[in-house]
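Novice: Quick one: the structure is below, and I'll ask about it shortly.
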Amino acid sequence: MPCERKPMRYGHSEGHTEVCFDDTGRYIVTCGNDGDVRIWESLDDDDPKFITVGEKAYSLALKKGKLVTASSNNTVQIHTFPDGEPDGILTRFTTNATHVAFNSSGSRVAAGSSDFMVKVVEVSDSSQQKTLRGHEAPVLSVSFDSTDEFLASASCDGSVIVWNIEEQTPAISWPLLQKTSDVSNAKSLCRLAFQPAAGKLLAVPVETRVHLYERRSWEHVGTLSDELLTQPINVVAWSPCGRFLAAGSVGGSLAVWDASNKLCLERQKHEKGFTVCSLAWHPSGSQIAYTDTEGCLGLLDGLGTASSSGTGSTKAPAAKPAKDYDDLFDEDDGGPMDEGLADGNSAKEAAAGEDEDEDDFLIPSTGRVRNRGAILDDDVSLDGGSLKLGRDDDDDDAGSSVAPAAAPPAPLRPVYDGPEPTPPQKAFQPGSTPAHLTHRFMVWNSVGIVRGYNDEQDNAVDVEFHDTAVHHAMHLTNSLGHTMADLSQEAVLLACPGTDELASKLQCLHFSSWDTNKDWMVDLPPGEDAKALCLGQGWAAVATSSLLLRLFSVGGVQREVFSVPGPVVCMAGHGEQLLVVYHRATGFGGDQALGVQLLQLGGRKRQLITGEALPLSPRSYLSWLGFTAEGTPCYVDSDGLVRMLNRSLGNTWTPVCNTRETCKSKSDHYWVVGVHENPQQLRCIPCKGSRYPPTLPRPAVAILPFKLPLCQTSTEKGQMEEQYWRSVLFHSHHGFLSSSGYEIDEAARAQSEKEQQELLMKMFALSCKLEREFRCVELAELMPQNVVALAIRYASRSRRMNLAQRLGEIALEKASQLQEDEPWGPEEEEAGVPSARRTSGYGRAEPAADPRRSREEEEEDGEEEDGGELESEETTDATKRSNPFAKEGGSPVTPTPIGKAGRSNPFKVAAPGKPAPASGHLRVANILDSMTSSRKSAPLGGSAATAGKGPVLKPLAPRAKTKAQSTLLQISSNKTANKKTPESAEPAAEPQQQPDAAAPALPPPAENGENKRPKTGFQLWLEENRKIIMADNPDLDETDVIKEAMGRFRTLSADERRSWTERAKGQTGDAADVRKRKRADGGAEDETAESDSESSSRKKKALDASSKLSAFAFNKN
Amino acid sequence: MDPSEVEFLAEKEFVKIIPNFSLDKIYLIGGDLGPFNPGLPVDVPVWLALNLKQRQKCRILPPEWMDVEKLEAMRELERREEAFAPAPSPYYMELTKLLLNHASDNIPKADEIRTLVKDIWDTRIAKLRLSADSFIRQQEAHAQLDNLTLMEINTIRQFLLDSLNCMYKLRSNRQPASAKSRLADY
């Protein structure tokens, strides 16, 4: 059956089109995406008549002078044919109709719609409608059978249903097709067709075949297929005679079968391979007109032989509708030309069109839509995409690591099941939104906002300051195409990547400069691109693609240059600190492997964190990096976890907030713009359904609270613990600031200490209530000494004598440590985690110590109900206490304390600076204290151990007496009363007398203090004898040596020892200033005492103290 | 009470602003305000917000209800309900006027909001007139009017009270008159 394929001609704008013949076969009628119905006299008709039926026409059917079209205004309308006069609206849907078809007599029209309904309407009376409900997705096509009894329809829900029209019920339903959500997504239009004349068969295109079903029995009686048809068949049409079936497919194949013998008579290929979306037989059966999704019209002629055998023209109509429907749908695929028209109208087009619009405009400006996509995909994808673009300079590494994501190293290793390398995240500026947006934030930080605009009208940068007092807002034209920016109180730093001709540039607007040249610009060397930049106080830093970090002064002087270990991800500056995060290695399984460096660029240049790994949540990437307003490094990962540097715990990172916890929906995020430690505020912008905010409407900052991820924070205990540790963490910056020489807010610090102490006390009370005494003791160890005193009182009042006693020991230790640690920067002690912080402030801020100490004392006084009285009492107690221990100095238990004494030596120099004479003896006392305590506590186990380690505590006068007393009491009971006992007992009994008591008590400690700070007799002795000891016991370590030495020293005769102490005294005396002399005097006294009866007297003193204290305790009760 | 007085009262309502200056807490008789941190939202009374705005010291964040979608929903509710629906804010009219007049640049879709609020206002006033009408017509002694704002009450108070007064006089005149006439008959 040879036929002639006429050349295609342009019919409509691209998109879905439909075609049919009129009843006589004189005209070819087409409709298309442009909303016109064209009436062609022949294929060569250069001036076809046209009828505009709407903004788009989805389908048409023509019979008996009635032209029925489905247009984009959701109606099915009639026009007269060929005049094209509107003849009313046949029916309406809630969305556009997808296919219309006449029955064989032309009395009824069936229409299927995207609103899942099929309607059958009388043409003469449109009020007579039958609605067929049952599809669960947009209807693809409809077809009447020849007797009007049935109607077949196909739908996107995958079903083909044959309806009994009268009953409006499905006669049968087959799940034949693939499910899709919309006509535009359907692979095939599935334009099914009933056989016209005989009406025995229903042809349904299913994938690349056509299924034939027998009417009534609805049995599958045959399948038509052809090897040429490799893609889904879109449309089938019966020849008017009902013998031949033509099919058009996606990809432009056309085939004609003889239905009776299922032979393929004709195969044709669309000349350009466009998808055929409509077919129509000429009423004579000699021609087939077809249209494609590009809006072209074609004709197959010369099917005469086949069709001549066919019957008359009656069959044409059936074919036509079928074709029409096809046209409708394909419009979706194309149609950019028509988008303008399309806007408000057809749902389909609108959907397609708007999507594109959004892509073009909305997204770039707001970033919303794209965000959403990214979120859904997965976090990494966001960066993954851009990485590929951004990291080209990293050539091979980057390339290879990126490539696997898209196409895993299949060529190299066909099967690789191991972990996939993660595409390394791209460099970014903290507080910026992605660079591909036309309107974006280049920086949002605590100083202000830098916005970048890059659209047709304008390429500009807006700088705006939160505080207009810093500087007025600026508007710069961005002729260089800056993509990075940072903002500080002094300057705006901008940088652009290099292009082929232009080098990467760094521009700084130094608005705080006092001369008239407010800006400078630097070209980076060719081939080197700025990747990240930041501003600090007086300096600017740029990380470049050649893994260099360049420092500039804010005025433009080039400073240090150094290499970073990997491609920089992000940098942040604050004051003199520079924080750099870079790729340490390739991450696997979605994780990033980032390293972090923290440098101090100020007067003392050094590296505080040397390239350690930056902890991130699993499968997340870094999303913000910066400093708190107080200067603590801080960062946020894409899981919304905020981590802050804990300087007091060896520069570890502590999660302080999980922003995702407060998000209402999964796609909501918080975009962090700043962190403040005091008050504790996480400043961020809530973004609904995206990761970052649009520039308009202007987002508002919200404040989130911090919360450490401690367990059981719903319980009172957990809550208080969280509060306590949070308070500790968020006030540790005081220590850092003062140690680096900044002013600190004393009031805030005092406040925070008070808060911490209160929390500790509360926790203590809670544990007491719960009968957890061991826990109480643990808590007490966290307390500064004055609070321990309170705790003791609480314990003794609640009649927990055992607890009180143990607390007493702790108080003693603390007192001793206090004194010992005094030489060190007291500021550390105040921070509350003394032991950990000891190293950092080592000896630096000493001058500041005294005022602070005294202040603190005052504060404590205020806190205490008993006020000064109690305090003085305590001091006296402490001094007393120290005496006994001083004597014990020779006892064998001393190891640790001596170690400490040794340590304190370096500070001898500093000692004179200390005004408080008391501290001197206190210090001695602590050594001894700790000795005793360790001795005592040995049986007690846990507390003993802690005692030995002895955290540094506040420099306050020891408060803990009460407990001390009780413990001491025990000891004293064993010991014989001394001359001092009565003396000390008196003061204890009567607080007023304490000062007196203190006087005698004081001297001995003073002496000790002197010994120690200068050197004790023992130390002198040790120095001389160390070698001997070492020789005797070569395998001893330091503490053992000291132990041994003590033992030996003790075995010396009293005279010998005295002589040693005297020597020691003599030494100090030389160097002594007034204060020292004072101490020395005391020491002399003590010495005498010591010489008289060393160990015993010590014990006695202990007794004294304890008895005093016990008396005091008794009074209290 | 005239409208300006009502407006004065409305100025005590709190509104969020984003200051562009830094200031410690300020202590006023009516309460403490601040502290003001540049870039951080803070609650201040409308009078202060407007003052700062006029001096270009802040941006005003529109109150939560001043949002096109919410107002549309409210308008629908207002139209549907027979009685008065709860007003978006007890001073919605005054606040809208104040904020839109002085800070329309800080309020997205200011024009739509103005129209919507006006619609709501009109609907409510129409209801109010209607109920006043039926109140008088049926000679009721009392009527319950929930959810009326001060401004709305004030728009009708003067007129309603005066006219009720008037009618009362007329009525009471008539009765005594009839009594008189009765007297006269005697």
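Novice: Look at region B:135-151 and say how many of its residues are in a helix (DSSP H, G or I), modelled with pLDDT under 90 and not basic (K, R).
Specialist: So the answer is 2.
Novice: Check region B:24-32 and report whether any residue there is within 20 Å of the chain's Cα centre (by Cα) and either farther than 23 Å from A:P679 by Cα or part of a loop (DSSP other than H, G, I, E, B) (or both).
Specialist: no
Novice: Here's a follow-up. Just to be sure before I move on: is A:G626 away from every other protein chain (no Cβ under 14 Å), in a strand (DSSP E or B), touching a residue at least 40 places away in the same chain (Cβ under 8 Å) and small (G, A, S) in the structure I sent?
Specialist: The answer is yes for A:G626.
Novice: Scan region A:230-240 for residues that are surrounded by fewer than 24 Cβ atoms within 10 Å (Cβ to Cβ) and over 15 Å from A:L189 (Cβ atoms) and jot them down.
Specialist: A:T230
Novice: Take the conditions closer than 30 Å to B:E152 by Cα and surrounded by 20 or more Cβ atoms within 10 Å (Cβ to Cβ) and apply them to B:I29. Does it pass?
Specialist: Values: closer than 30 Å to B:E152 by Cα: yes; surrounded by 20 or more Cβ atoms within 10 Å (Cβ to Cβ): no.
No: the conditions fail for B:I29.
Novice: Then there's this: Identify all residues within region B:13-26 that are surrounded by 20 or more Cβ atoms within 10 Å (Cβ to Cβ) and either touching a Phe, Trp or Tyr at 6+ places or on another chain (Cβ under 6 Å) or at the interface with another protein chain (Cβ under 8 Å from one of its Cβ atoms) (or both); write none if there are none.
Specialist: B:I18, B:P19, B:N20
Novice: Mind telling me which of the residues A:I792, A:I744 ends up being in a loop (DSSP other than H, G, I, E, B) and touching a Ser or Thr at 6+ places or on another chain (Cβ under 6 Å)?
Specialist: The conditions single out A:I744.
Novice: May I pose another question? Can you pull out every residue in region A:592-617 that is crowded, with 18+ Cβ neighbours inside 10 Å and under 15 Å from A:L641 (Cβ atoms)?
Specialist: A:Q592, A:L594, A:L614, A:L616
Novice: Right, another one. Could you check region A:432-487 and list, in sequence order, the residues that are touching a Pro at 6+ places or on another chain (Cβ under 8 Å), farther than 14 Å from A:C534 by Cα, within 14 Å of chain B (Cβ to nearest Cβ) and touching a residue at least 24 places away in the same chain (Cβ under 8 Å)?
Specialist: Once the filter is applied, which keeps residues that are touching a Pro at 6+ places or on another chain (Cβ under 8 Å), farther than 14 Å from A:C534 by Cα, within 14 Å of chain B (Cβ to nearest Cβ) and touching a residue at least 24 places away in the same chain (Cβ under 8 Å), region A:432-487 yields only A:F441.
Novice: So which pairs qualify, if the first residue must be in region A:515-540 and closer than 24 Å to A:L598 by Cβ, the second must be of a type in the set (D, E) and assigned to a strand (DSSP E or B), the Cβ gap must be under 7 Å, and the two must be at least 6 apart or on different chains?
Specialist: As it stands, the answer is A:L533/A:D486; A:C534/A:D486; A:L535/A:D486, since those pairs meet every condition given.
Novice: What is the number of the single condition among (1) without any contact (Cβ under 8 Å) to a residue 40 or more places away in the chain; (2) aromatic (F, W, Y); (3) more than 25 Å from A:D639 (Cβ to Cβ) that A:Y582 does not meet?
Specialist: Of everything listed in (1) without any contact (Cβ under 8 Å) to a residue 40 or more places away in the chain; (2) aromatic (F, W, Y); (3) more than 25 Å from A:D639 (Cβ to Cβ), A:Y582 misses just condition (3).
Novice: I'd like the full set of residues that are in contact with a Ser or Thr (Cβ under 7 Å, 6 or more places away or on another chain) and either assigned to a loop (DSSP other than H, G, I, E, B) or of a type outside the set (A, V, I, L, M) (or both), limited to region A:89-106.
Specialist: Going residue by residue through region A:89-106, those that are in contact with a Ser or Thr (Cβ under 7 Å, 6 or more places away or on another chain) are A:89-93, A:95-101, A:104.
Selection gives A:T91, A:R92, A:F93, A:T95, A:N96, A:T98, A:H99, A:S104.
Novice: Report yes if some residue within region B:68-85 is more than 30 Å from B:R129 (Cα to Cα), surrounded by fewer than 18 Cβ atoms within 10 Å (Cβ to Cβ) and touching a Ser or Thr at 6+ places or on another chain (Cβ under 9 Å); otherwise report no. Please lay out each step first, then the result.
Specialist: Here is the first cut: in region B:68-85, the ones more than 30 Å from B:R129 (Cα to Cα) are none.
No: region B:68-85 contains no residue that is more than 30 Å from B:R129 (Cα to Cα), surrounded by fewer than 18 Cβ atoms within 10 Å (Cβ to Cβ) and touching a Ser or Thr at 6+ places or on another chain (Cβ under 9 Å).
Novice: Look through region A:72-84, keep the residues that are out of contact with any Ser or Thr (no Cβ under 7 Å at 6 or more places or on another chain) and modelled with pLDDT under 85, and return whichever of them is nearest to A:G112 (Cα to Cα).
Specialist: A:N73
Novice: Then there is this: Return a yes/no flag: does region A:541-559 have any residue that is free of Cβ contacts under 8 Å to residues at least 12 places away in the same chain, under 17 Å from A:E490 (Cα atoms) and hydrophobic (A, V, I, L, M, F, W, C).
Specialist: yes
Novice: Can you pull out every residue in region A:745-757 that is crowded, with 17+ Cβ neighbours inside 10 Å and within 31 Å of the chain's Cα centre (by Cα)?
Specialist: A:R749, A:S752, A:Q756, listed by residue number.
Novice: So, in region A:694-721, how many residues would count as being more than 14 Å from chain B (Cβ to nearest Cβ), part of a loop (DSSP other than H, G, I, E, B) and in contact (Cβ under 8 Å) with a residue 24 or more places away in the chain?
Specialist: 5
Novice: The conditions are (1) under 48 Å from the mean Cα position of the chain (by Cα); (2) aromatic (F, W, Y); (3) over 17 Å from A:R38 (Cβ atoms), and A:Y58 fails exactly one of them. Which is it?
Specialist: That leaves (3) as the condition not met.
Novice: Looking only at residues in region A:272-286 that are small (G, A, S) and within 60 Å of the chain's Cα centre (by Cα), which one is nearest to A:L297 (Cα to Cα)?
Specialist: Only one residue fits best here, namely A:S278.
Novice: Continuing with this model, one more query. Name the residue that is surrounded by the most Cβ atoms within 10 Å (Cβ to Cβ), counting only residues in region A:197-229 that are part of a strand (DSSP E or B) and not hydrophobic (A, V, I, L, M, F, W, C). Even if it seems obvious, please write down each step before you answer.
Specialist: In the first step, residues of region A:197-229 are kept if they are part of a strand (DSSP E or B); the result is A:201-206, A:209-214, A:220-224.
Those still in the list that are not hydrophobic (A, V, I, L, M, F, W, C) too: A:205, A:209, A:211, A:213-214, A:220, A:222-223.
On the way: A:P205: 30, A:R209: 17, A:H211: 22, A:Y213: 23, A:E214: 13, A:H220: 13, A:G222: 17, A:T223: 11.
Applying the filter and picking the extreme gives A:P205.
Novice: Mind listing just one residue for me: the one in region A:177-196 that is in contact with a Gly (Cβ under 7 Å, 6 or more places away or on another chain) and surrounded by fewer than 17 Cβ atoms within 10 Å (Cβ to Cβ) and, of those, nearest to A:T275 (Cα to Cα)? Steps first, answer last, please.
Specialist: We begin by selecting, within region A:177-196, every residue in contact with a Gly (Cβ under 7 Å, 6 or more places away or on another chain); these are A:177-179, A:195-196.
Of the ones still in play, those that are also surrounded by fewer than 17 Cβ atoms within 10 Å (Cβ to Cβ) are A:178-179.
Details: A:Q178: 18, A:K179: 20 Å.
So, considering only residues that are in contact with a Gly (Cβ under 7 Å, 6 or more places away or on another chain) and surrounded by fewer than 17 Cβ atoms within 10 Å (Cβ to Cβ), the one nearest to A:T275 (Cα to Cα) is A:Q178.
Novice: Can you run down the residue pairs with Cβ atoms below 6 Å, 6 or more apart or on separate chains, where the first is in region B:27-43 and away from chain A (no Cβ under 14 Å) and the partner is in a strand (DSSP E or B) and crowded, with 21+ Cβ neighbours inside 10 Å?
Specialist: B:L33/B:V44
Novice: A further question on this structure: Which of the residues belonging to region A:662-682 are in a helix (DSSP H, G or I) and either farther than 24 Å from B:G39 by Cβ or at pLDDT 90 or above (or both)?
Specialist: none
Novice: Let me ask something additional. Within region B:54-71, can one find any residue that is of a type in the set (K, R), free of Cβ contacts under 8 Å to residues at least 24 places away in the same chain, within 13 Å of chain A (Cβ to nearest Cβ) and not in a helix (DSSP H, G or I)?
Specialist: Applying the first criterion (of a type in the set (K, R)) to region B:54-71 yields B:55, B:57, B:59, B:70.
Those left that are additionally free of Cβ contacts under 8 Å to residues at least 24 places away in the same chain: B:55, B:70.
Within this subset, residues satisfying the condition of being within 13 Å of chain A (Cβ to nearest Cβ) are B:55.
From what is left, the residues that are not in a helix (DSSP H, G or I) are B:55.
Yes - at least one qualifying residue is present in region B:54-71.
Novice: Still on this structure, please answer the following. What is the number of the single condition among (1) of a type outside the set (K, R); (2) closer than 22 Å to A:R691 by Cα; (3) part of a strand (DSSP E or B) that A:P618 does not meet?
Specialist: (3)
Novice: Among the listed residues A:R772, A:R683, identify the single one that is within 14 Å of chain B (Cβ to nearest Cβ) and either of a type in the set (K, R) or surrounded by fewer than 19 Cβ atoms within 10 Å (Cβ to Cβ) (or both).
Specialist: On inspection, the qualifying residue turns out to be A:R683.
The values are calculated or read from the model by the stated rules, or taken from the named source; none is laboratory data. None of these values were measured; they are calculated from a predicted model. Positions of Cβ are backbone-derived with ideal geometry, glycine not excepted, and every protein chain shown enters the neighbour counts.
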